[in-house]
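Worksheet: one structure, shown below.
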Amino acid sequence: VVGGSGGAGASTLAAALATTAVRGGSRALLLDLDPWGGGIDLLVGAEERSGLRWPDLSRATGRLNGQGLRDALPTVDGLPVLTWDRSDATEVGYEAARGVVDAAVASSELVVVDLPRAGGDPAGYACSRADALVLVVPAEVRAVVAARRVLATYRPFVDDVGVVVRTPSPSGLVGREVADSLGVPLLTELRSERAVAAAADRGEPPSARRRGALHDACVDLLDRSAPAGR
């Protein structure tokens, strides 16, 4: 999941997808690869939980044990989360990112990755392992222009790309127009909810309410991405 512009809500959607998946019985893991995002642990209430964070793994080399990684991460309601601590941004080496992503994929049914808009080698590798990329774009002209650059950054790594359009639009743009402008399928329109922002400030997972536009969008996206028979 990646934001097409600043403040698009990609981290919120990523956290909501992962928590909704776990609640539905999936063995999921939430991976934060955006060092400038403030820490996705704050969105799921994991900031006080003990466990490894990126500064502990940023120079790891070689293969990592998948179950060992899951067991070592901060966990909230069955969801392991790998994110940053409150120190200065730590550079994650390519080898470390590859080892972590591979271990996460090997030990999980679903890995949700919060990607940085600027790309980079670690993010590119994560995207190359992805089944799909979800681009989150506010229904605003400048956001669409910015999203084209983000899309160009990641498009070489993954074939299946779709857009979630955040509404309402100040200029009347609709989701289909945004998707057509970007040349990718429209996954859904997602209306902003004040309750979601308030819950995030309280450290409550963004889909904890189990109702509303965000919850419904996550259920729909997960249903569409699930393999046949699951």
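The values are calculated or read from the model by the stated rules, or taken from the named source; none is laboratory data. Since the model is a prediction, treat every value here as computed from it, not as a measurement. With ideal geometry, Cβ positions are generated from the backbone for all residues, glycine too; neighbour counts draw on all protein chains shown. Ligands, DNA and RNA are excluded from the accessible area calculation, which covers all protein heavy atoms including side chains. Shrake-Rupley method; radii C 1.70, N 1.55, O 1.52, S 1.80 Å.
Put simply, of Ala46, Ala126, Ala139 the only residue that is under 29 Å from Leu190 (Cβ atoms), open to solvent by less than 30 Å² (accessible area, probe 1.4 Å) and in contact (Cβ under 8 Å) with a residue 60 or more places away in the chain is Ala126.
Going by the conditions given, is Ser26 more than 14 Å from the chain's Cα centre (by Cα) and either surrounded by 18 or more Cβ atoms within 10 Å (Cβ to Cβ) or more than 26 Å from Gly175 (Cα to Cα) (or both)? Taking the combined requirement at face value, the residue satisfies it. Of all the numbered requirements in (1) touching a residue at least 12 places away in the same chain (Cβ under 8 Å); (2) out of contact with any Asp or Glu (no Cβ under 8 Å at 6 or more places or on another chain), Leu64 misses one, and that requirement is (2). Restricting attention to region 65-77, the residues that are out of contact with any strand residue (DSSP E or B) (no Cβ under 8 Å at 6 or more places or on another chain), closer than 13 Å to Gly45 by Cβ and assigned to a loop (DSSP other than H, G, I, E, B) total 1.
Test of understanding: among Asp102, Asp88, which residue is open to solvent by 40 Å² or more (accessible area, probe 1.4 Å) and assigned to a loop (DSSP other than H, G, I, E, B)?
Numbers: Asp102 fails: assigned to a loop (DSSP other than H, G, I, E, B).
None of the other options fit; the residue is Asp88.
Does Glu95 meet the test of being in a helix (DSSP H, G or I), more than 15 Å from the chain's Cα centre (by Cα) and either surrounded by fewer than 21 Cβ atoms within 10 Å (Cβ to Cβ) or hydroxyl-bearing (Ser, Thr, Tyr) (or both)? For Glu95, the condition - in a helix (DSSP H, G or I), more than 15 Å from the chain's Cα centre (by Cα) and either surrounded by fewer than 21 Cβ atoms within 10 Å (Cβ to Cβ) or hydroxyl-bearing (Ser, Thr, Tyr) (or both) - is met.
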